[in-house]
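Since the structure comes first, as structure tokens, the remarks are kept for the end.
Read the figures in this text as sums done on the coordinates, not as results from a lab. Keep in mind that what you see is a predicted model, and the values were worked out from it rather than measured.
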Amino acid sequence: MSILTFDQWIAANKQVIPYSKTAARTTVAQRWFSVVDLAGNPGAGVLAAGSTGSGVVPTDATAGYPPITFTTGIGYLSSVDFGSTASCRMALVDRLFHSGAHAFNAGDTLTSQPSYAGRIPGSNYAGTQIWYEQVAAATGNQSVAVGYTNQAGVTGRTTGTIALGVAPTVGSLFLLPLQSGDSGVQKIESVTGTVATVGTFNIFVCRPLWNGRITVANGGDVHGLDRTAMPQVFADSALMLLINADATSSGAPDLMMVIANA
């Protein structure tokens, strides 16, 4: 059932989910990076998505994502205790779908894509996002365009051709703007890469859940349910951490998350 009162939250089952990385990634200041493939708890995942023709829906059983134990009812991210050895902003998302690793000069049309509708609260796709993720380092000013079906089921939408402005290093993340008037994504239809001469990348769709800021190295904070706003998570959600560091290292992020389930 839904958790609608504080008393219901107190009575709810709660799973504590630790998340930490013991290896750091070389980053670029004020740019988002993925850490899913780095050692820690959970263990390192594989950066390449594993399919360029249809894509994959990752789950909590996929390497690199923490396990979620509830099997019935509704889960909510009710608190996040977080810190890091580096000053940064952290963001937690549910990684709903990914495709790749696409070549730097990709011209890939996706077919028979698996659905992630079961991980969309209330069938409302608004707020879902498309991200670019570097798998093998690129050379040149990598550009990318992604065709997609929008939140209302309208096909043939496009992010347009976005020049990233850099030769992305491994793990680099770039949020791709949706076409004017769109607020979410139901399906990725095509991926096109241009300009770069080397490199591979993923495209993924996610649902943002939480973000927090660490202002000094080795600092941290605790966000309770009044600050997380209790976003819904699912029994098979692929919880992914994104890091935007102030300097040139992702640091060693450490989180203790609590999922309340009723």
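Odds and ends about this structure:
- With contacts taken as Cα pairs under 8 Å at a separation of at least 6 residues, segment 12-159 carries a relative contact order of 21 percent.
- Couplings for segment 198-205, taken from phi via the Karplus curve 6.51 cos²θ - 1.76 cosθ + 1.60 with θ = phi - 60°, read 8, x, 9, 8, 9, 10, 9, 10 Hz in order; Gly and Pro are left as x.
- Rounded to whole Hz, the Karplus (6.51, -1.76, 1.60) HN-Hα couplings of segment 174-189, x for glycine and proline: 9, 6, 9, x, 6, 4, 3, x, 8, 10, x, 9, 9, 7, 8, 9
- Rg/Rh (Cα only; Kirkwood hydrodynamic radius) as it applies to segment 117-238: 1.02
- Sequence-distant residues sharing a close amide H with Val198 (under 5 Å, placed H): Thr139
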